[in-house]
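The values are calculated or read from the model by the stated rules, or taken from the named source; none is laboratory data. Values in this document were obtained by computation on a predicted structure and should not be read as measured data. Reconstructed Cβ throughout: ideal geometry from the backbone, glycine too, with neighbour counts over all protein chains shown.
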Amino acid sequence: GYHMVKADWSQCPHCQFPALYSHLVSHLEAEPICPMCDKELKPDDVQKVSENDVKLATIELQQPEQAPLPAGTATKDGHINQATGKQQPPKQGELFA
């Protein structure tokens, strides 16, 4: 992939897939379909995203910190730490269970 540059940032209006404006428009001129969601997309439908919108989207995507749980409290997925009450990350193989 290419390095994303704020001055050339765009996204699919259907799936919000981030893309370099210049590359996405070139792709759509040859094949008017989003490479991510396969929906019809005309080059004129794609607009550059302003720098402020790029920064705002980055800020909104960050997950908030979770407060520790009281000792012995179960989370909705059942993972607990008996000593600290902090949620434990899922073990390998449990992510998609």
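Being modelled with pLDDT under 60 and not aliphatic (A, V, I, L, M) narrows it down to one residue among Q63, Q16; which is it?
On the way: Q16 fails: modelled with pLDDT under 60.
Every option except Q63 fails the conditions.
Are any residues in the stretch 26-41 out of contact with any Asp or Glu (no Cβ under 9 Å at 6 or more places or on another chain) and either surrounded by 14 or more Cβ atoms within 10 Å (Cβ to Cβ) or part of a loop (DSSP other than H, G, I, E, B) (or both), and if so, which ones? Explain how you work it out, then say what you get.
Initial filter on the stretch 26-41 (out of contact with any Asp or Glu (no Cβ under 9 Å at 6 or more places or on another chain)): 26-27, 29-31, 35-41.
If the condition is that a residue be out of contact with any Asp or Glu (no Cβ under 9 Å at 6 or more places or on another chain) and either surrounded by 14 or more Cβ atoms within 10 Å (Cβ to Cβ) or part of a loop (DSSP other than H, G, I, E, B) (or both), then H27, E31, P35, M36, C37, D38, K39, L41 are the ones that fit.
In the stretch 6-27, the residues that are under 18 Å from K39 (Cβ atoms) and free of Cβ contacts under 8 Å to residues at least 24 places away in the same chain reach residues that are in a helix (DSSP H, G or I) and of a type outside the set (G, A, S) with C-beta atoms within less than 8 angstrom, at least six apart or across chains, in these pairs: V25/P43.
The single condition from (1) among the basic types (K, R); (2) modelled with pLDDT of 60 or more; (3) closer than 18 Å to V5 by Cα that K39 fails is (3).
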